[in-house]
Ligand code: LLP
C-alpha cells in the first residue's frame, strides 16, 4: 500500500524511512503517516471532479484525524475542511487554514462555538436543527454578520455498515427529516432570515460504505423535493453536499471501490437529475475523512508479555491498545498486522494481539499469523490513520502516542508524545498545600 515496502534489512519501510528506526527514535506506540499516500488520495478525488469538468469542493472531514500539521497538509492539497467542534475549528484556525474553506458541522453546536465561527468568517455552517436556526440567526444579528448555510437532511437511506456509525437513516439524531415537512419548514425559516444565505443541502448517509447505491438513493430523494422547493420558496440548491463515508480496505474481507467510482457516480446522478428538472448544475461537495487518511496510517507497537491458554490461544500483548485504537472494542473493527522488524520471516504461529488496558475487551487483533513472536519485536498495525489518534484517550492514564509524518526518506514529528506531566497538568490538589509530586 502506498510507499510501504520491505527494505534490505527485512524491515518495513514507509515513505523511504525504516519503521524500526522510527520506533527506536520516537518510541512506541507510534502513529506513522505516509504523506505521499494522503496526497495521492486527495489528488485522485480532485482530479476525478476536474476531469468531469463540474464545480466541486472536496472537504477533508478532520474528525478522522485533526492536528495542525494534518490540517496544513489538507490545505497544501487544496482541500476544504469539515470541522465539528470548537476544538477542530480552533486547530484549523491555528494551522492557518483559510477560514472561507471551512465548513462547520454538528448536531449541537454551542453558542460559543457558533460565535467563534462567525468571528472567524468561516465559509459555511451546516445547520442541523430548528434550535440552531434560532441561535445562529440571533447571533448573526447581534454580531452583525452574514453567513452562508447548508441545511442537513436525513434522507432515510440506511447505508450497510455498523449501526453505531450509520447516520443517514430516518431514526437519527442528525438533520431535518426529508419526508414529513421538517425540511420545508427549515427552508422557509432560513429564507426569512436576511443574515443567513441558504446555499444548499447536505446529507451524510454513513461511514465505511462499499457501494454507490446509498449515494444514488440519497441524491434521488433530495432531488425529488427540489421542484416543490422551487415552486414554494424559489429555492434551488446551489450546493449539494453528499457527505463522506467511502469505505477502505482494512482487511482482505473489505472490498472497497476505487474512489473515482464514487465521484463519477455522484456526478452522473446529480447531472441527470439537474437536467431533468432543468435547473443549473449545483456544485457537488463531498467530505471524505477515512478514505483520505485511513490507509496512510500505521501504528507501531512494541511486543511485551505473552500468555498461552493451552489448546485455545496465545495472547501477545503490545504497549498500547484501546487507548490508541478503540475501534476493535467499539465496533469489532478488524485490522491486519505484521512484524515490522522481521517482514521476511515465515509466519509460524497464530496469535491474538492484546492491548495493555485493564479490560478483557481490549483486544486489537484476533488470530493473526506471525513469525514466532519475541518480546521487543515491533508490531505494525495497518490502516489506523482514521479515527485512531482522533479517538485516542487516556483510559488507565495511558499517555497518548506521538505522530510522525514520513515522506521522501524524511520523518517529521507532528504530534509529541504525551508525558506523565501532561496527564496531571489539568489536575488540582484536594487541598492547597498538598499535591506536589
Ligand atoms: N461528514 C459527516 C457529516 C460525518 O458525520 C462524517 C463521519 C464524515 C463526513 C466523514 O466520514 P468518513 O469519510 O470518514 O467515513 N468513529 C467511526 C466513524 C464515525 C464517522 C462519523 N461521521 C469509526 O471509527 O469508524
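Per-structure values
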| item | result |
| --- | --- |
| Those residues of region 366-389 which are within 16 Å of the ligand (Cβ to nearest atom) and over 21 Å from residue 22 (Cα atoms), in sequence order | 387 |
| Filtered residue count, region 1-36, keeping only those that are surrounded by 23 or more Cβ atoms within 10 Å (Cβ to Cβ), within 21 Å of residue 74 (Cα to Cα) and either in contact with a helix residue (DSSP H, G or I) (Cβ under 7 Å, 6 or more places away or on another chain) or free of Cβ contacts under 8 Å to residues at least 12 places away in the same chain (or both) | 6 |
| First in region 238-267 and free of Cβ contacts under 8 Å to residues at least 24 places away in the same chain and on the phi < 0 side of the Ramachandran plot, second anywhere and in a loop (DSSP other than H, G, I, E, B) and away from the ligand (no atom under 14 Å from the Cβ), Cβ under 7 Å, 6 or more apart | none |
| Looking only at region 95-121, and only at residues there that are within 19 Å of the chain's Cα centre (by Cα) and more than 16 Å from the ligand (Cβ to nearest atom), the one that is surrounded by the most Cβ atoms within 10 Å (Cβ to Cβ) | 97 |
| Sole residue being more than 20 Å from residue 56 (Cα to Cα) and touching a strand residue (DSSP E or B) at 6+ places or on another chain (Cβ under 9 Å), chosen from 140, 203 | 140 |
| Number of the exception - residue 126 against (1) buried (at least 17 other Cβ atoms within 10 Å of the Cβ); (2) under 19 Å from the mean Cα position of the chain (by Cα); (3) in a loop (DSSP other than H, G, I, E, B); (4) within 16 Å of the ligand (Cβ to nearest atom) | (3) |
| Pair list, Cβ < 6 Å and 6+ apart or interchain, from region 209-230 residues that are not assigned by TED's automatic domain parsing to the domain that holds residue 286 to residues that are assigned to a helix (DSSP H, G or I) and surrounded by fewer than 18 Cβ atoms within 10 Å (Cβ to Cβ) | none |
| Check on residue 321, within 16 Å of the ligand (Cβ to nearest atom), under 22 Å from residue 400 (Cα atoms) and in contact with a helix residue (DSSP H, G or I) (Cβ under 8 Å, 6 or more places away or on another chain) | no |
| Filter result (buried (at least 23 other Cβ atoms within 10 Å of the Cβ) and on the phi > 0 side of the Ramachandran plot) within region 355-404 | 383, 387 |
| In region 254-296, residue nearest to residue 54 (Cα to Cα) [restricted to those that are part of a helix (DSSP H, G or I) and within 11 Å of the ligand (Cβ to nearest atom)] | 262 |
| Residue in region 309-317 that is away from the ligand (no atom under 16 Å from the Cβ), within 30 Å of residue 223 (Cα to Cα), surrounded by fewer than 19 Cβ atoms within 10 Å (Cβ to Cβ) and more than 20 Å from the chain's Cα centre (by Cα) present | no |
| Residue ID - nearest to residue 138 (Cα to Cα), chosen from residues in region 174-186 that are surrounded by fewer than 21 Cβ atoms within 10 Å (Cβ to Cβ) and more than 11 Å from the ligand (Cβ to nearest atom) | 185 |
| Filtered residue count, region 230-253, keeping only those that are in contact with a helix residue (DSSP H, G or I) (Cβ under 6 Å, 6 or more places away or on another chain) and either assigned to a helix (DSSP H, G or I) or over 20 Å from residue 204 (Cβ atoms) (or both) | 3 |
| Residue in region 61-70 that is touching a strand residue (DSSP E or B) at 6+ places or on another chain (Cβ under 6 Å), in contact (Cβ under 8 Å) with a residue 24 or more places away in the chain and either within 16 Å of residue 148 (Cβ to Cβ) or not assigned by TED's automatic domain parsing to the domain that holds residue 147 (or both) present | no |
| Region 36-61, residues that are under 18 Å from residue 298 (Cα atoms) and within 13 Å of the ligand (Cβ to nearest atom) | 41 |
| Which numbered condition residue 248 fails, given (1) surrounded by 23 or more Cβ atoms within 10 Å (Cβ to Cβ); (2) within 16 Å of the ligand (Cβ to nearest atom) | (1) |
| Flag if residue 256 is assigned by TED's automatic domain parsing to the domain that holds residue 172, crowded, with 18+ Cβ neighbours inside 10 Å, in contact with a helix residue (DSSP H, G or I) (Cβ under 9 Å, 6 or more places away or on another chain) and at pLDDT below 95 | yes |
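Conditions tested, residue by residue: (1) assigned to a helix (DSSP H, G or I); (2) in contact with a strand residue (DSSP E or B) (Cβ under 7 Å, 6 or more places away or on another chain); (3) in the same structural domain as residue 261 (by TED's automatic domain parsing).
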site	(1), (2), (3)
13	no, yes, no
24	yes, no, no
28	no, yes, no
49	yes, yes, yes
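The values are calculated or read from the model by the stated rules, or taken from the named source; none is laboratory data. Source: prediction; values computed, not measured. Methodologically, a virtual Cβ is constructed for each residue, glycine included, from the backbone with ideal geometry; neighbour enumeration extends over all protein chains shown.
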